[in-house]
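The values are calculated or read from the model by the stated rules, or taken from the named source; none is laboratory data. As the structure is a computational prediction, the values presented were derived from the model and not from experiment. Using ideal geometry, Cβ is built from the backbone for each residue, glycine included, and neighbour counts are taken over all protein chains shown.
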Number of protein chains: 2
Amino acid sequence: MTMLKGAAIFGQSGGPTAVINSSASGVFQQALKEQCITAVYGAAHGIKGILNEEFYDISKESKEQLELLKTTPSSALGSVRYKLKNADVDDTDYKRLLEVFRKYNIRYFFYNGGNDSMDTCNKVSKYLADAGYECRVIGVPKTIDNDLAITDHCPGYGSAAKYVATTIMEVYHDASVYDTPMITVIEIMGRNAGWLTAASLLAVYKGAGPDLIYLPEVPFTIEKFLSDVKKVYDSKPDHKVIVAVSEGCKDKEGRYIAEMGQSLKKDAFGHSQLGGAAAILGEIVEEQFKCKVRSIEFSLMQRCAAHIGSRTDIEEAFLAGQQAVKAAVEGHTDYMIGFERTNEKGKYGIKTVLIPLAKVANAEKTVPLEWFNQEKNFLKKDFIDYALPLIQGDSGLPFEEGLPKFAKLKKVSARK
Amino acid sequence: MTMLKGAAIFGQSGGPTAVINSSASGVFQQALKEQCITAVYGAAHGIKGILNEEFYDISKESKEQLELLKTTPSSALGSVRYKLKNADVDDTDYKRLLEVFRKYNIRYFFYNGGNDSMDTCNKVSKYLADAGYECRVIGVPKTIDNDLAITDHCPGYGSAAKYVATTIMEVYHDASVYDTPMITVIEIMGRNAGWLTAASLLAVYKGAGPDLIYLPEVPFTIEKFLSDVKKVYDSKPDHKVIVAVSEGCKDKEGRYIAEMGQSLKKDAFGHSQLGGAAAILGEIVEEQFKCKVRSIEFSLMQRCAAHIGSRTDIEEAFLAGQQAVKAAVEGHTDYMIGFERTNEKGKYGIKTVLIPLAKVANAEKTVPLEWFNQEKNFLKKDFIDYALPLIQGDSGLPFEEGLPKFAKLKKVSARK
């Protein structure tokens, strides 16, 4: 092990989750403990904050606030969606980054995000190595989409899944209250991978879930959807149907539901319609079934509902941050922290592993096709076995005067 | 006090809440204890279940399930929206109801609902009295709208308010994450009374709430709305605006936002638009400000989110049910249970009071105009003082395998 003395910087990137700040807490608290780390910085808005030299001196934050970060949703430092160009096409950003790293003697770079962010992380890592600048680069995974390659699952997913399952159970109770037919269409996030929509099966496992589940892994057609709904509607004496549909469902040509709806509508009324998948499908079933219909979008809530966060997820997110620092200090670089199930004696457990950044950059893991039923409108128990351990435990979010107590960082600028 | 021996029946009516079943639990558990009550029935789908002779024998339910009802959202017996005609116009339903009451010797009638349901309760009470059939009739209040007259507040409101405030705090964190302008429009339930939308001020009190709040108490115009948004947008360096708007906002002519949006759109594009208030307003600000916009509807979640229910609300809902039975057994009839604040030594407290049904039937209580700011787009601290005590305490909802454990009644039909 080579001892490398220098500053550490951490950035948050991509869409926020309920536990991205728990990873920040893990990185910060561990980095502040390491003797070889001379300063700990938090970048404002990810890579952008580094390029603009806008970052915070984390040693100025109190232990209490760093602890509160564990249950504070979203990205406390600010996030960004910024894709670095390939260095051989345009190396402006890379040169600037190296300049900033040199100026502050930054020797540890931790970046928290999904597959796009791991691509950033990977590019930075390779550039710095090529430039002969010694810097340990470790990615910290996060995404409610759960679509990062190789790792068993991603921090952020368990909490979002717990929100989805709990909320569907509650909506199920609400939607079944009148003795009249009703179709409820619930739209859940996930552009290409259906993991989060699949979490609706956990509500089924508890007897209060959807009748039909559509993920983007399987081509979607409105005809098949309508015939599926009709089958459920006709088979149930109370004519109550609940559908969980991923925002990312598309047909074989790659057209999203909103686009399919538009062309349908254009034919019928000569104009196009706005709205997401649930709104469009709701409108279509209303026309067809002439019954009460509710279209529900879980919107931002599914990724920021810290109050119903999974304790397992919060702790694993913290661990991922902590382990990233430990791995870097031990001399590792160019990796992302991943999870592997240990499952000793049938009891859920994980250990962290190091996954080469190149293997996760831009790669995508989807729900296995063998977990779908034959009709491809529902999932098998395999998914429950996979997901149930990830949503265990109460968030432990502290409340004050009946409302959540979230972290509020001082955000003292690092001296330029 | 006259001892009246006979059966009791309880029905749930109107839109469900997170705690309507807690009142059911209070009614059932108290009624099962009372010696003069010979049988305890739960009506399936409110008044409809009585007319159709569809009700359950509550003595067949376990104590454990009756306890679980306290934290089970929605209406376990099923609800109904059914308005009784005036008896002097058409007394068919009343005759049938009397027939059923006679058949089962029902001498206690408890009805849980909002102002429409109190109208039902009131009509039944008066009819039975006129018919000379001795029956004690007590209404049990519930509504997330908090719009019942005279009572300080209504069971169901505190939990919905806690959901709204907590969720807005979380969405606030999520919506402020990127360093680009963004306008978020959040639509909250309430057709004529703005109490629930007002609960967004609790998030402001915690530093993470909306910039603008629109309630149906004040006539709404899109022009004023746009100029309000522009002021906030221009005044904040990050150009982040969060708006809380009631689904019930309307202009002086009584047109809802969706209708206003339609006529605007019709002018512009020659066709009308679908969607609720948030969707329409979101579309309008997007056109105007050309920035990122999110339209969010709290939909059914705001009335069924038992997991973030207010302990105060759950206990008060239970108390209302319990007190309804006690009052009836003591000889009272023709009342609704209401709450009055005791506030001894400045500490929040309530006592139950009896309010004549005639005074609450169809009456509506709105947010006092003096609680609004001068611009009528925000509220004063008076509302915090009023609402904060109502959202205190953790729901105590039990979890099993990481997911809520809700009551599941056996629903054994009463013998016909």
Checklist outcome for this item: Of the residues in the range A:2-35 that are surrounded by fewer than 24 Cβ atoms within 10 Å (Cβ to Cβ) and within 19 Å of A:SER125 (Cβ to Cβ), the one that is farthest from the other protein chains (Cβ to nearest Cβ) is A:THR2
Item to check | The one condition in (1) surrounded by fewer than 24 Cβ atoms within 10 Å (Cβ to Cβ); (2) over 25 Å from the mean Cα position of the chain (by Cα); (3) at pLDDT 95 or above that B:ILE183 fails to fulfil | outcome: (1)
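Okay, residues lined up against (1) more than 29 Å from B:ASP130 (Cα to Cα); (2) out of contact with any Gly (no Cβ under 8 Å at 6 or more places or on another chain):
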residue: B:GLY46; (1), (2): no, no
residue: B:GLY49; (1), (2): no, no
residue: B:GLU54; (1), (2): no, yes
residue: B:THR72; (1), (2): yes, yes
residue: B:LYS83; (1), (2): no, yes
residue: B:ASN86; (1), (2): no, yes
residue: B:LEU97; (1), (2): no, yes
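Of all residues in the range A:69-121, which are of a type in the set (Ser, Thr, Tyr) and assigned to a loop (DSSP other than H, G, I, E, B)?
Looking only at the range A:69-121, we keep the residues that are of a type in the set (Ser, Thr, Tyr), and these are A:71-72, A:74-75, A:79, A:82, A:92, A:94, A:104, A:108, A:111, A:117, A:120.
Once the filter is applied, which keeps residues that are of a type in the set (Ser, Thr, Tyr) and assigned to a loop (DSSP other than H, G, I, E, B), the range A:69-121 yields A:THR72, A:SER74, A:SER75, A:SER79, A:TYR82.
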Item to check | Given (1) surrounded by fewer than 22 Cβ atoms within 10 Å (Cβ to Cβ); (2) part of a strand (DSSP E or B); (3) more than 10 Å from chain B (Cβ to nearest Cβ), index of the condition A:ALA363 fails | outcome: (2)
Checklist entry - Going through the range B:14-45 one residue at a time, which ones are small (Gly, Ala, Ser) and modelled with pLDDT of 95 or more? => result B:ALA18, B:SER22, B:SER23, B:ALA24, B:SER25, B:GLY26, B:ALA31, B:ALA39, B:GLY42, B:ALA43, B:ALA44
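Being on the phi > 0 side of the Ramachandran plot and free of Cβ contacts under 8 Å to residues at least 12 places away in the same chain is the filter here, so list the residues in the range B:190-219 that pass it. Can you show your working first?
Going through the range B:190-219, the residues on the phi > 0 side of the Ramachandran plot turn out to be B:190, B:207.
The answer is B:GLY207, and nothing else.
Got at least one residue in the range B:31-40 being touching a residue at least 12 places away in the same chain (Cβ under 8 Å), part of a strand (DSSP E or B) and under 16 Å from B:ALA317 (Cα atoms)? Show your work before the answer.
From the range B:31-40, those touching a residue at least 12 places away in the same chain (Cβ under 8 Å) are B:31-32, B:34, B:36-40; that's our starting set.
Okay, now just the ones that are also part of a strand (DSSP E or B), so B:37-40.
Restricting the remaining residues to those that are under 16 Å from B:ALA317 (Cα atoms) gives none.
Among the residues of the range B:31-40, not one is touching a residue at least 12 places away in the same chain (Cβ under 8 Å), part of a strand (DSSP E or B) and under 16 Å from B:ALA317 (Cα atoms), which makes the answer no.
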Checklist entry - Can you spot a residue in the range A:187-200 that is over 21 Å from A:ASP382 (Cα atoms), among the charged types (D, E, K, R) and at pLDDT 95 or above? => result yes
Checklist entry - Quick check, is B:GLU287 at the interface with another protein chain (Cβ under 9 Å from one of its Cβ atoms), in a helix (DSSP H, G or I) and under 23 Å from B:SER246 (Cβ atoms)? => result no
Checklist outcome for this item: Checking B:GLY139, B:GLY158 in turn, the sole residue that is farther than 30 Å from A:VAL80 by Cα, crowded, with 22+ Cβ neighbours inside 10 Å and within 14 Å of chain A (Cβ to nearest Cβ) turns out to be B:GLY158
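In this structure, is B:ASP385 closer than 30 Å to A:SER299 by Cα and either without any contact (Cβ under 8 Å) to a residue 40 or more places away in the chain or not polar (S, T, N, Q) (or both)? It would help to see each step written out before you state the result.
On the way: closer than 30 Å to A:SER299 by Cα: no; either without any contact (Cβ under 8 Å) to a residue 40 or more places away in the chain or not polar (S, T, N, Q) (or both): yes.
Taking the combined requirement at face value, the residue does not satisfy it.
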Checklist entry - Which is aromatic (Phe, Trp, Tyr) and modelled with pLDDT of 95 or more, of B:TYR256, B:TYR233? => result B:TYR233
Checklist entry - Does A:TYR163 qualify as being under 24 Å from B:ILE308 (Cβ atoms) and more than 10 Å from chain B (Cβ to nearest Cβ)? => result no
Checklist entry - Could you say whether any residue in the range B:43-52 is charged (D, E, K, R) and either outside any helix (DSSP H, G or I) or away from every other protein chain (no Cβ under 12 Å) (or both)? => result no
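Select, from B:VAL171, B:VAL177, the only residue that is within 11 Å of chain A (Cβ to nearest Cβ) and without any contact (Cβ under 8 Å) to a residue 24 or more places away in the chain. So that I can check it myself, show each step before the final result.
Values: B:VAL171 fails: without any contact (Cβ under 8 Å) to a residue 24 or more places away in the chain.
Selected residue: B:VAL177, the only one of B:VAL171, B:VAL177 that is within 11 Å of chain A (Cβ to nearest Cβ) and without any contact (Cβ under 8 Å) to a residue 24 or more places away in the chain.
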Next on the checklist: I'm trying to understand the selection: among the residues of the range B:293-321, which are within 11 Å of another protein chain (Cβ to nearest Cβ), outside any loop (DSSP other than H, G, I, E, B) and over 20 Å from A:LEU397 (Cβ atoms)?
Outcome noted: B:ARG294, B:SER295, B:ILE296, B:GLU297, B:ARG303, B:CYS304
